[in-house]
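Below: one structure, written as structure tokens.
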Amino acid sequence: MEVTETEESALKDKTNRQLRSKELLDELIDKAKLNKDDLEPSVQHIYLSNSLTANEEYKLLELDDDGLNYLLEGNSLIIRGSETENAVCCTKNATFSFKVAEISNPLLITSNLSLSGKCDLEASNSEVLFLTNSYFLMAKEKPKLQKIKNLLELNLYSGRAYEQNNAQKYTIEHFLDCIQASEEEIYQYLNYIQAFQIDGFWRLLDFRYLNQIMDNILKLIEEKCWLFDKIPAKDIYQELDSIYEISVLNQVVLYYFTRNDDDANFYSMRKEKIVYFYADSILRATIKMRFTEFQMILEKSLPSNLGIEFNLCLIQVIFFIQKIK
């Protein structure tokens, strides 16, 4: 079937390309003996741009509804990872693998293509801006955070007197540049490993230094006869500020004590944290020991008036317990 466009039915775009008009489309439908009621109400003319862009200039990313809404709300996706690692894509609080999907049929990217049933009852024209045979896709992935602890352990903090000027230190910006995880996941991990912020840098305390601080705090609580659920943090700072920095003492308190809801001036001891601290102190002195011996030493080490009954559940999520047959 041959159809010739009349001058009235011929349209041209801004590049002087001849496009199909609604009148010509009606003529085509009529000559093909088709019923317009059986067709979609819209007709779109798709054509290649005279200046078709190479697909390296644009990249396509497939997102689910949550990911799309995240971007539409004005948020950003950030690609992280060093040159020797696989790239990951991060939101504020989650990490995703970032991979390329190859397809055999090219995807056409147009300027104003309308979805079926969502355009006017007239002919429209869509210019193809570029073609591509690949796109990026994301899948939820476990963040790789162990590197943070490995880096911090290279320069433990033991007090200002032992600081080395040329030692490497890390800020949150450093971690955001090299750690394959979201910002929120990085902060959660820093809290999990009990990292301290000292002079703007994140540090891990040398365990012997932490042990000295905790020993002084617990002895002070015992000397002052403070209740374990009513400990005045300000008094701890006043008593120990000549020995330790207030910022360090404050972070120790935040890790091992909880502010009381009914009176913000007092704190309660986090008993499970204290148990873990003493358990860690005992096991650092040896590779392994019999469980009965460990339990006996731990129970004797805990403050007598702490009111804690030893429970295996307090430590088994952290320490490995091997059953001997």
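Observations on the model:
- Candidate residues Ser247, Ser76: accessible-area rank, largest first, probe 1.4 Å: Ser76, Ser247
- Summarising the label geometry, the points placed 7 Å from Cα in the beta-carbon direction at Asn191 and Tyr237 lie 2.1 nm from one another.
- Cβ-Cβ FRET estimate between Ser158 and Lys300, R0 fixed at 25 Å, reported to 0.05: 0.35
- If you plug the beta carbon distance of Ser247 and Glu293 into 1/(1 + (r/R0)^6) with R0 = 35 Å, you get a FRET efficiency near 0.35.
- Between Ser82 and Asp38, the modelled labels are 6.6 nm apart [label points 7 Å from Cα along Cα→Cβ].
- A Förster distance of 41 Å, applied to the separation of the beta-carbon atoms of Asp65 and Asp280, puts the FRET efficiency at 0.40.
- Sequence of Asp235, Asp241 when ordered by accessible area, the most exposed leading, probe 1.4 angstrom: Asp241, Asp235
- Most to least packed among 248-255, 107-114 [average Cβ atoms within 10 Å]: 248-255, 107-114
- Positive minus negative residues near Ser182 (Lys, Arg vs Asp, Glu; Cβ under 13 Å): +1
- Amide H contacts of Phe257 (H built 1.01 Å from N, under 5 Å, at least 5 apart or other chain): Arg270
- Solvent accessible area, Å² - Ser82, 1.4 Å probe, full protein context: 40 Å²
- Protection proxy ranking for 129-140, 181-192, using the average of other Cβ atoms within 10 Å per residue and placing the highest first: 181-192, 129-140.
- Under the Karplus curve 6.51 cos²θ - 1.76 cosθ + 1.60, θ = phi - 60°, whole-Hz ³J(HN,Hα) for region 91-102, x wherever Gly or Pro sits: 8, 5, 9, 8, 10, 10, 5, 10, 10, 9, 9, 9
- Ranking by accessible area, most exposed first, for Cys90, Cys178, Cys225 with a 1.4 Å probe: Cys225, Cys178, Cys90
- Listed residues Tyr189, Pro303, Asn265: farthest to the positive end of the dipole of region 178-307 (Cβ charges): Pro303
- Amide H within-cut-off set for Tyr170, under 5 Å, with H built and near neighbours excluded: Trp202
- What the phi angles of region 140-146 give under the Karplus curve with 6.51, -1.76 and 1.60, with θ = phi - 60°, is a coupling list of 4, 9, 6, x, 9, 10, 4 Hz, glycine and proline written as x.
- Karplus-derived HN-Hα couplings along region 153-161 (A = 6.51, B = -1.76, C = 1.60, θ = phi - 60°), whole Hz, x at Gly and Pro: 5, 6, 8, 6, 9, 10, x, 4, 5
- Computed over region 206-266, the ratio Rg/Rh where both radii use C-alpha atoms and Rh is Kirkwood: 0.94
- Taking a point 7 Å from the Cα of Asn265 along the Cα-to-Cβ direction, the residues of region 195-226 with backbone N closer than 16 Å to it are 226.
- Once backbone amide H atoms are built at 1.01 Å from N, Leu60 has Phe136 as its partners under 5 Å, excluding neighbours fewer than 5 places away on the same chain.
The values are calculated or read from the model by the stated rules, or taken from the named source; none is laboratory data. Note that this is a predicted model, so its numbers are computed, not measured. All Cβ positions, even for glycine, are placed from backbone atoms using ideal geometry, and neighbour counts span all protein chains on display. Note: accessible area is taken over every heavy atom of the protein model, side chains too, but ligands, DNA and RNA are not part of it. Shrake-Rupley method; radii C 1.70, N 1.55, O 1.52, S 1.80 Å.
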